[in-house]
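Comments concern the structure below.
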Amino acid sequence: MKLSLNWLKDYVSVKDSPETIARGLTMAGLEVKSSKPAGPDTVFEIEITTNRPDWLSHIGVAREIHAAMGGKFSLPPAENKIPRTKNDTLTVTIPEPDRKMCPYYSACLLEDVEWQDTPAFIKERLEACGIRSINFPVDITNFVLLEIGQPLHAFDFDKLSGGQIYARRAHSGEKLVAIDGKTYDLEPADLIIADNEKPVAIGGVMGGQESEVNDRTRNILLESAFFEPSVVRKTSRRLKLVSESSYRFERRVDPRTVDWGRERAVYLFRKYAKVGRVSLVCSVGKLPINEPSVKFEYNLLKKAVGIDIPPNKVNGYFSRLGLKVLKKTKTGVTVKIPSFRSSDLTRPVDLVEEVARLYGYDRIPETLPKMFPMKPVVNPMLALEKRVRTLSNALGLFETVTFSLVDPVPYERLGLNKSQWVQLINPQNKEWTLMRPTFLSSMIQVVEKNLNAGETSIRIFEIGNRYLLQNPVELPHEERMLAMAMSGEASEHWLEPKRKISFYDLKGAVEEILKQLAIRAVFKPIDRDSIFESGMGMNVEIEGQMTGYFGLLSKKVQALFGIEQPVLYAELSLEKMVPFSDRLRAMEELPKFPASPRDLTMIVSDSVRSEEMIEHIQKQGGILIKKVEVFDCFKGKKIPEGKKSLSYRIIYQAEDRTLQNEEVNQLHFAIVEFLRKTCGAELPI
């Protein structure tokens, strides 16, 4: 916005140089982008922030100069005591349903107006601000707009039908040829000014060409109104029509300038032209004037900006800002906020900002805050997530990132429980309507994409959220999860023979992650219908709590996603693992006495789990068994149908002595006998 310095000096007496004034305004928060000489005048170009519409006028900026730099501030005269006549033909109406769009509308009629040319000083000031002179009535309304900030509009009263003015909602199909010569299609969301027959202006945006004043106009209807900012903004944006008026109306004009701006224009008409009669003001509605009071405590300055300013100086700043002091105490003051700042100054902290900027931010001393050493706070979930990501990478898995939104159709076809699903009410994509309850479809799609791209060994993982409804009242629960998928060749290293990834590769990865996190988990077979092949799916339990699952996906699942080769899949809840992952690890002294390893091969039923056998071995051996691991599982011609051969390596070791062969053998045979009784195990023949 451009401002004339000579014009500003009409309202505030300041003798400083243009450069000093520009710097003073900028330091107070009103940025002067440039200052250029224009003959005997200087033109400022300023940057207006959205919260300060009062700066969109010369009087508003003059008030700011007065507040920041001092000098006497005065307002221009306005006409309010001249004799008025009643005009019986002039009426103003706002239909009740449209009062929110236009809370207040006023007009007065100036009859038998005779004018010559616009005074030279008005032309100069308009042109300095980038507005060309058109004719005397229009120049006066533009002058008041730049002076006070209140947009006005002048109609040729003789071109209005019936003398009746309506501020109403537009009807569908109505059109208006604006003063820019373009035709605009109007909608019911637009506010228009109309006579008895047609629209004559777009409220708050632009007047119509048919009713604009010209050199032959003698009777002028002067409009001044308060339009709802959001209505003006929406119409201006929809029509792509921006004017000086809409720019101010959509930022909210000061309600107190509506009547004052109209009377100021009447004063200028009477002073610089010949006016026969001026009608009484015809108005409808009520101005939304809001002038709240705010209680301000002086010690708030110390708390907020770290400085003490004497109370009398603080009160002086408030007075220069146009705030009226209602009540003073030793500790604070209550002030009345003027209407031109009512939307900006609503809290005591807002007044702190005003005092600080007028005092000068550059005068506030720089001090370092007191800092005390604090123990770093580690988020257990983030720490676990970082460790799991590192472990997964170390196991040869590549991280993938997929969308949280998925297509529900595959899950519906699998018959998964829908009671906890989180469906989008208004999805942007008609297919992705479900917040994923599991990573299954996302991970399989990544596997499929890699297979189609020619990858032969796929080992991927993802860490992210799944979404489940706990109950209809609360928001969905976001549970942090680890998902893994494997398919194809197990290894491409030249030292290792080629083989396919198996169930035990995935099981080993899950075990290794849990082992490195010092979490003891139990794997239990899934004994009901699931997404896994029968006998090839395991639940993961930690201290009796279901924490995840893994296994070989069933043919049905593979067919659903169009994958022909086996895919192994695992899903673990990191959220449920957190309480068990931060336990301290017990350090053990290195053994002083040698170990005695023994191998044991037993034939058991297919239904007997290896973990169950290990538990029995450790239970029977007690503290003398340091380690038990399975190294072979065999089914063949020499093994009866329905049975399998499991081979274990058992490490016997005592902490206080060297174990003798007789003692080890005696314990070893006791374990064999115990396995016969508990698991039905038999030694091979």
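The values are calculated or read from the model by the stated rules, or taken from the named source; none is laboratory data. Worth saying up front: this structure is predicted, and the values here are computed from it rather than measured. Cβ atoms come from the backbone with ideal geometry, glycine included; neighbour counts cover every protein chain shown.
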* To do: Could you list, in sequence order, all residues of region 459-493 that are more than 16 Å from Gly396 (Cα to Cα) and of a type in the set (Phe, Trp, Tyr)?
  => Tyr467
* **Among the candidates Phe461, Phe403, residue that is in contact with an Asp or Glu (Cβ under 8 Å, 6 or more places away or on another chain) and in the same structural domain as Gln558 (by TED's automatic domain parsing)** => Phe461
* **Test set (1) in the same structural domain as Glu223 (by TED's automatic domain parsing); (2) in contact (Cβ under 8 Å) with a residue 24 or more places away in the chain - Asp117 fails condition number** => (2)
* To do: Could you list all residues from region 37-56 that are hydrophobic (A, V, I, L, M, F, W, C) and outside any loop (DSSP other than H, G, I, E, B)?
  => Ala38, Val43, Phe44, Ile46, Trp55
* **Unmet criterion (only one of (1) in contact with a Pro (Cβ under 8 Å, 6 or more places away or on another chain); (2) under 21 Å from Pro255 (Cα atoms); (3) not hydrophobic (A, V, I, L, M, F, W, C)) for Pro95** => (1)
* Would a scan of region 567-589 turn up a residue that is closer than 29 Å to Glu662 by Cβ and not in a helix (DSSP H, G or I)? -> yes
* To do: Please indicate, with yes or no, whether at least one residue in region 487-507 is without any contact (Cβ under 8 Å) to a residue 12 or more places away in the chain, in the same structural domain as Ser441 (by TED's automatic domain parsing) and under 29 Å from Asp582 (Cα atoms).
  => yes
* Structure fact -> Considering only strands (runs of 3 or more DSSP E) wholly within region 137-182, the ones with at least 2 residues that are in the same structural domain as Asn196 (by TED's automatic domain parsing), modelled with pLDDT of 95 or more and among the charged types (D, E, K, R) are 164-169
* Which fully enclosed helices (runs of 4 or more DSSP H) of region 374-460 have 1 or more residues being polar (S, T, N, Q) and farther than 15 Å from Ala483 by Cα? -> 440-452
* From (1) in contact with an Asp or Glu (Cβ under 8 Å, 6 or more places away or on another chain); (2) over 26 Å from Ser74 (Cβ atoms); (3) modelled with pLDDT under 95, pick out the condition that doesn't hold for Pro348. => (3)
* To do: Please indicate, with yes or no, whether at least one residue in region 91-104 is in the same structural domain as Glu228 (by TED's automatic domain parsing), in a strand (DSSP E or B) and touching a Gly at 6+ places or on another chain (Cβ under 6 Å).
  => yes
* **Hits in region 613-626 (condition: surrounded by fewer than 14 Cβ atoms within 10 Å (Cβ to Cβ) and among the charged types (D, E, K, R))** => Lys619
* Structure fact -> Of the residues in region 181-203, those that are out of contact with any strand residue (DSSP E or B) (no Cβ under 7 Å at 6 or more places or on another chain) and over 13 Å from Leu239 (Cα atoms) come to Gly181, Glu197, Lys198
* Filter result for Val200 (under 27 Å from Arg84 (Cβ atoms) and touching a residue at least 24 places away in the same chain (Cβ under 8 Å)) -> yes
* To do: Return the total of residues in region 427-457 being out of contact with any helix residue (DSSP H, G or I) (no Cβ under 9 Å at 6 or more places or on another chain), without any contact (Cβ under 8 Å) to a residue 60 or more places away in the chain and hydrophobic (A, V, I, L, M, F, W, C).
  => 4
* Name the residues in region 446-466 that are surrounded by 19 or more Cβ atoms within 10 Å (Cβ to Cβ) and more than 20 Å from Leu506 (Cα to Cα), would you? -> Arg466
* Structure fact -> Among the residues of region 652-685, the number that are of a type in the set (Asp, Glu) and surrounded by 14 or more Cβ atoms within 10 Å (Cβ to Cβ) is 2
* Structure fact -> Within region 314-360, the count of residues that are in a loop (DSSP other than H, G, I, E, B) and either touching a residue at least 40 places away in the same chain (Cβ under 8 Å) or under 34 Å from the mean Cα position of the chain (by Cα) (or both) comes to 11
* Close pairs (7 angstrom Cβ cut-off, 6 or more residues apart or separate chains): free of Cβ contacts under 8 Å to residues at least 60 places away in the same chain in region 134-151, among the small types (Gly, Ala, Ser) anywhere -> Asp139/Ser133
* Structure fact -> For strands (runs of 3 or more DSSP E) lying entirely in region 488-565, having 2 or more residues that are touching a Pro at 6+ places or on another chain (Cβ under 9 Å) picks out 532-542, 545-553
* **Residue check for Ala154: touching a residue at least 12 places away in the same chain (Cβ under 8 Å) and crowded, with 23+ Cβ neighbours inside 10 Å** => yes
* Kindly provide the set of residues from region 649-670 that are among the basic types (Lys, Arg) and either free of Cβ contacts under 8 Å to residues at least 12 places away in the same chain or not in a strand (DSSP E or B) (or both), ordered by number. => Arg657
* Checking Gln116 against (1) assigned to a loop (DSSP other than H, G, I, E, B); (2) in contact with a Phe, Trp or Tyr (Cβ under 9 Å, 6 or more places away or on another chain); (3) more than 18 Å from Lys271 (Cα to Cα), which test does it fail? -> (3)
* **Within region 14-57, tally of residues that are in contact (Cβ under 8 Å) with a residue 60 or more places away in the chain and surrounded by 14 or more Cβ atoms within 10 Å (Cβ to Cβ)** => 11
* Structure fact -> Subset of region 354-379, residues exposed (fewer than 13 other Cβ atoms within 10 Å of the Cβ) and either of a type in the set (A, V, I, L, M) or in contact with a helix residue (DSSP H, G or I) (Cβ under 6 Å, 6 or more places away or on another chain) (or both), comes to Ile364, Leu368, Met371, Met374, Val377, Val378
* Within the set of pairs 6+ apart or on separate chains, which have a first residue in region 509-523 that is under 16 Å from Pro579 (Cα atoms) and assigned by TED's automatic domain parsing to the domain that holds Gln545, a second that is among the small types (Gly, Ala, Ser) and in a loop (DSSP other than H, G, I, E, B), and C-beta atoms under 6 Å apart? -> Leu514/Ala521
* Asked: When you go through Phe532, Phe550, Phe561 one by one, which is the residue that is closer than 30 Å to Gly454 by Cβ, in the same structural domain as Leu397 (by TED's automatic domain parsing) and at pLDDT below 90?
  -> Phe561
* So which of Ile639, Ile603 ends up being among the hydrophobic types (A, V, I, L, M, F, W, C), under 20 Å from Gly535 (Cα atoms), outside the structural domain of Glu412 (by TED's automatic domain parsing) and part of a loop (DSSP other than H, G, I, E, B)? -> Ile639
